[in-house]
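Shown next, in structure tokens, is the structure this report addresses.
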Amino acid sequence: MQNRFEKTHILNTDMRKRYPYVEHGEGIYLFDEQGKRYIDGAGGTIVVNTGHGIEEIAQVMKDQAGKVAFSYRVDFNSRPLEDLAAKACELTGGTMDKVFFVCGGSEATELAVKLARKYHLDNGEPARHKIISRWHAYHGSTNGALSWSGMYHRRVDYTPYLRDFNHIPPAYCYRCWFGKQPENCRLECAAALNDAIQVEGPETISAFIAEPISGTSLCAAVPRIDYFEKIREICSRYGVLLILDEVMTGFGRTGKFFGYQHFNVAPDIMAIGKGVTGGYYPIAGAMISSKLADTIADASGNFGPGHTYAGNPLGCAVGLKNIEYMEKHHLVERCSEMGKYAFMRLEELRKHPSVGDIRGKGLQIGIEFVKDKRTRETMAPKLKFSQRLHDVAMDLGLIIQASSGCNRGQSGDMIQLGPPFVITEAQIDDMIAILDTALWQVEKEAGF
């Protein structure tokens with residue numbers, strides 16, 4: 001633990017908090033410098049899919065660094081880059097045809113939007129420049145990505161710098177903005193896209209961007225199974241590109257290699273990240289279909305954003321090995337199986353007075369907490385319920401991801417779980433037991 005009087009030069013998220021120092025990881029566990037063991041129940045920020053401390057992935061990193069760690073994409077391709085690009089496209093079953101790799105998810109979503117713009121320019125429709133997204137979406141922290149994000153507390157301080165993009169209501173069945181239930185709604189949340197396109201002018205709309213399953217902003221909210229079919233139909237009707245942000249859901253997290261594969265649709269552009277390398281190296285990217293790639297190639301023939309570390313050999317070698325490891329050990333299938341077991345066990349938490357909803361797919365799992373289960377009234381923000389739950393759970397040896405603001409950005413408490421796919425049933429039992437204990441304590445503190 002950082003000494004009370006020890007000066008740090010790290011600009012931490014919470015500048016008044018003392019953070020433990022992580023020393024090493026093994027499987028689903030992280031260990032601090034004092035030897036305390038933590039279950040990594042959040043996989044970092046839903047990043048770590050294969051698990052911590054895998055020697056053969058570390059060895060590939062060492063071997064590639066010994067050959068060549070960096071070359072600039074304007075001068076060279078590399079075999080690791082070529083092979084990772086081919087493998088990523090193969091995993092989509094041919095839906096995607098080309099990839100541009102960068103370092104992080106914010107870069108990936110911004111790159112996806114630039115690719116949409118480039119396609120429309122080369123397709124003879126230069127008026128198409130507007131992006132439509134959703135409230136309660138999160139697409140990154142850079143100014144462009146934050147502009148089409150809809151996460152209030154991450155946007156509010158930087159609003160003067162953000163572009164005024166159109167946002168439509170989220171696909172959020174537990175707290176539906178239209179007051180409907182999934183079994184009797186008419187997908188008003190999807191139909192809102194049609195209205196937004198018409199109001200803005202169809203000829204001006206470049207793309208609609210959405211997460212297949214919500215990330216931190218709504219903690220694994222899953223749309224109705226036919227939601228994206230309606231979204232796809234609306235986009236195709238107006239010539240609007242569909243960008244799916246798979247930064248969190250991609251590479252196995254939901255029990256399939258990509259989240260969109262649950263919904264019988266195909267995107268035009270896809271942002272990827274996090275699970276590509278499982279946390280072993282910062283790699284993300286944007287993928288495009290052959291239709292878009294061919295149009296750009298036949299027209300201008302170039303796409304030139306300036307990203308220094310784009311497609312560097314070291315990161316690509318690590319990504320390729322991470323995917324190979326997942327396939328060799330059938331970890332995506334395991335994620336699906338362990339997810340089913342986790343959801344079964346998590347049903348026991350409904351005995352808690354604060355547990356309102358448990359949702360997600362695979363090992364992307366969200367829990368929403370409420371003051372009143374019947375009315376779904378949220379708790380007072382001053383309680384900081386989800387953050388307090390995070391802190392108590394971590395003291396007990398479990399890392400979870402806390403979030404808030406699901407009620408139109410003003411209130412609402414949630415957590416998200418996303419452990420490595422190598423987790424066992426016994427370890428899931430341990431994780432839920434700690435969460436159960438932490439939740440009883442925080443509920444008592446909150447007056448339940």
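Here is the tail figure for the range 74-224: Cα pairs spaced more than 29 Å apart come to 26 percent of all pairs. If R0 equals 30 Å, the separation of the Cβ atoms of A191 and T159 corresponds to a calculated FRET efficiency of about 0.60. Per the Debye calculation on the chain with a single equal scatterer at every Cα and no solvent contribution, log₁₀ I(q)/I(0) for q = 0.08, 0.13 Å⁻¹ amounts to -0.45, -1.23. Taking each residue as 0.36 nm, the span from K351 to T142 lengthens on full extension beyond its C-alpha to C-alpha distance by 71.2 nm. Volume of the convex hull of the range 144-232 (Cα atoms only), normalised per residue: 110 Å³. Report, in whole Å, the centroid distance computed from the Cα atoms of the range 294-357 and the range 37-63. One Cα centre to the other: 13 Å. With N as its number of residues, the range 76-131 has a Cα radius of gyration that, divided by 2.2 N^0.38 Å, comes to 1.33.
Computed from the C-beta positions of D391 and E333, the FRET efficiency with R₀ = 35 Å rounds to 0.50.
Annotation: for a label point projected 7 angstrom from Cα along Cα→Cβ of T45, residues of the range 263-290 with backbone N closer than 11 Å are 274.
Can you tell me, using C-alpha contacts under 8 Å and at least 6 residues apart, the relative contact order of the range 57-328 as a whole percent? Averaging sequence separation for qualifying contacts and normalising by length gives 30 percent for the range 57-328. Using a simple spin-label model with pseudo-atoms 7 Å out from Cα toward Cβ, Y152 and A58 lie 4.5 nm apart.
As a calculated quantity, the FRET efficiency between D372 and N184 at R0 = 25 Å, using C-beta atoms, amounts to about 0.65.
Out of the range 1-58, which chymotrypsin sites (Phe, Trp or Tyr not before Pro) are coil in DSSP terms and have no more than 13 other C-beta atoms within 10 Å?
Hits after loop and neighbour filter: F5, Y21.
No lab work stands behind these numbers, since they all come straight from the coordinates. This structure is a prediction, so every number in the text was calculated from the model and none was measured. FYI the Cβ positions are ideal-geometry reconstructions off the backbone, even for glycines, and counts take in every protein chain you see.
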